[in-house]
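To start, the structure itself, in structure tokens.
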Amino acid sequence: MKVRITVPASLIAISLAVSALACGSIKLPGAPFTPTPIPPTSTPTPILPTPAPACELKCNIDTESYSFEITCESGTVTNEMSNSTSVEYDPTGQVSKAIVTVDQNQTYSSSGNTYHLVGTITAYLIAGYAEYDIEATGGVFGDTPQTCKSSAVGQANPTLPPTPIPVTSPTPIPYVLPTLGVGSAFVSENDGMTLVYVPEGQFLMGTSEEQKQILLSHDVPLEAIILEMPQHTVELDAFWIDKTEITNAQFRQFVNVTGYLTDAEKTDDRQVFDFTTNNWVNMSGVNWMHPQGPGSNLDGLENHPVVVVSWNDAFAYCNWAGRRLPTEAEWEKAARGTDQRDFPWGSQGPEGNLLNLADAELNTGWSFLDMDDGYRFTAPVGSYPDGASPYGALDMAGNVWEWVADWFGSYGAAIQTNPGGPLTGLERVERGGGWFNTVGQARTAARDKYNPGYSDFNGGFRCAMDAGR
Ligand SMILES: [Ca+2]
Ligand SMILES: [Ca+2]
């Protein structure tokens, strides 16, 4: 921008002299002197960061007046008369304010007169804008200085838009409702159990005629297979099921909090298997804390499944934990998914990395001696991740049998929706086989049944709950 400052004609004589001195290139009539500019005392102008405008002070004369002409542009400040500059920056590094002060005194003599010129420019530069406050003074030394002032506010360089001060606002964190599906899981606050999600939908429950023939060829007893037939369609709502069997540590917490007494402690009429004689024997003092008799304990078995727990005991625990026993249909779907697989991991035969059953470690007459799963009795829950079900449930085959909610009953052929078993009965269902059993009992469709007060060292449980709670 330019600012033109006009001086009255009465000052022409002075202004001519001043202008000639200032410009250094105008020969004034009758002016006998050679101007001797005083060497500038200013220091070199510091270079301001772009887009700081440059301001330049010039002089112009005509027959009527003289003027100071100030031109400011964006770019570096090149005014040679500057002797001080200060620059302030905003937090982003942009120039927020620059103050350029030009103050030059020139004194010279002509015809006995002494002339004094003072030029001052102060420019306030705010980002891309420039705010000019200009003062130029000319006068005769000893006289009252003639002062012209001008001020302007504007954009230093019209081609440069003002730099907006960026406003940083927090990036909004979108809240997305979780979508539940296969692989979803959560941890119960009551007992620390991880639960896995089983989506709603149909599956085929039980054993088909074709599967029956295959099982018979693998020496699975017909009387066991019959219990699993007919295969039928079941429609289930979504539900959660414990990822593992309930552990000794979890059951101990339940007992400590509630003072609960298990059926075995109340009746003291359990049996254990004597591996020396290969017979079941009655024994006093068998309970969940001493699963193989008074001489046994739970040292080092905190993360093993609790055993010697009846259906009643399992029901009480799940109720305390804010959950419930899974229905038999829920248990089977959680174990085998929707493709009728024989085992949780698929339909291939058992391997030592897939489940804990009667193997070479147990070394009984019915053990699968070609397999070593690493444990003679129970294994810590979740020891066989390769044997996980389609929904991530572990040990659905082997380790310990698991109580389910239903009374035992025969299957029907009709489609069923959220079946809960017979309304009454004498025996409750157990599923999945245990460390004491063969592979035939570890199948996803296999069933067994006992009275609700029965318990032994081969049986435990896990809990479930409705989805959406
Ligand atoms: Ca084993
Ligand atoms: Ca199991």
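The values are calculated or read from the model by the stated rules, or taken from the named source; none is laboratory data. Small disclaimer: the values here were computed from a predicted structure and weren't measured. Using ideal geometry, Cβ is built from the backbone for each residue, glycine included, and neighbour counts are taken over all protein chains shown.
Summary table below
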read-out	value
Some residue of region 323-341 being more than 14 Å from ligand 1 (Cβ to nearest atom), more than 19 Å from residue 446 (Cβ to Cβ) and at pLDDT 95 or above	yes
Filtered residues of region 357-382 (kept if more than 10 Å from ligand 1 (Cβ to nearest atom) and either touching a helix residue (DSSP H, G or I) at 6+ places or on another chain (Cβ under 8 Å) or within 14 Å of residue 397 (Cβ to Cβ) (or both))	381, 382
Region 442-467, subset over 13 Å from residue 311 (Cβ atoms) and within 16 Å of ligand 1 (Cβ to nearest atom), residue surrounded by the most Cβ atoms within 10 Å (Cβ to Cβ)	442
Which listed residue is assigned by TED's automatic domain parsing to the domain that holds residue 279 and either away from ligand 2 (no atom under 16 Å from the Cβ) or touching a strand residue (DSSP E or B) at 6+ places or on another chain (Cβ under 9 Å) (or both), from 398, 453	453
Any pair with Cβ under 8 angstrom, 6 or more apart, that starts in region 387-409 at a residue that is assigned to a loop (DSSP other than H, G, I, E, B) and ends at one that is of a type in the set (D, E, K, R) and within 16 Å of ligand 1 (Cβ to nearest atom)	395/245; 398/373; 399/245; 400/245
Search result, residues across region 363-375 that are within 16 Å of ligand 2 (Cβ to nearest atom) and surrounded by fewer than 22 Cβ atoms within 10 Å (Cβ to Cβ)	374, 375
Residue in region 422-429 that is under 18 Å from residue 347 (Cα atoms) and either in the same structural domain as residue 291 (by TED's automatic domain parsing) or within 16 Å of ligand 2 (Cβ to nearest atom) (or both) present	no
Strands (runs of 3 or more DSSP E) (entirely within region 205-308) containing at least 2 residues that are at negative phi and either surrounded by 14 or more Cβ atoms within 10 Å (Cβ to Cβ) or in contact with a Leu (Cβ under 8 Å, 6 or more places away or on another chain) (or both)	232-236, 239-242, 270-274
Members of region 394-412 that are away from ligand 1 (no atom under 16 Å from the Cβ) and closer than 17 Å to residue 306 by Cα	402, 403, 404
Any hit, region 407-423, residues being over 12 Å from residue 244 (Cα atoms), over 40 Å from the mean Cα position of the chain (by Cα) and buried (at least 24 other Cβ atoms within 10 Å of the Cβ)	no
Flag for residue 429 being under 23 Å from residue 231 (Cβ atoms), touching a residue at least 40 places away in the same chain (Cβ under 8 Å), away from ligand 1 (no atom under 16 Å from the Cβ) and not charged (D, E, K, R)	yes
One residue from 234, 255 being under 27 Å from residue 319 (Cβ atoms) and in contact with a strand residue (DSSP E or B) (Cβ under 6 Å, 6 or more places away or on another chain)	234
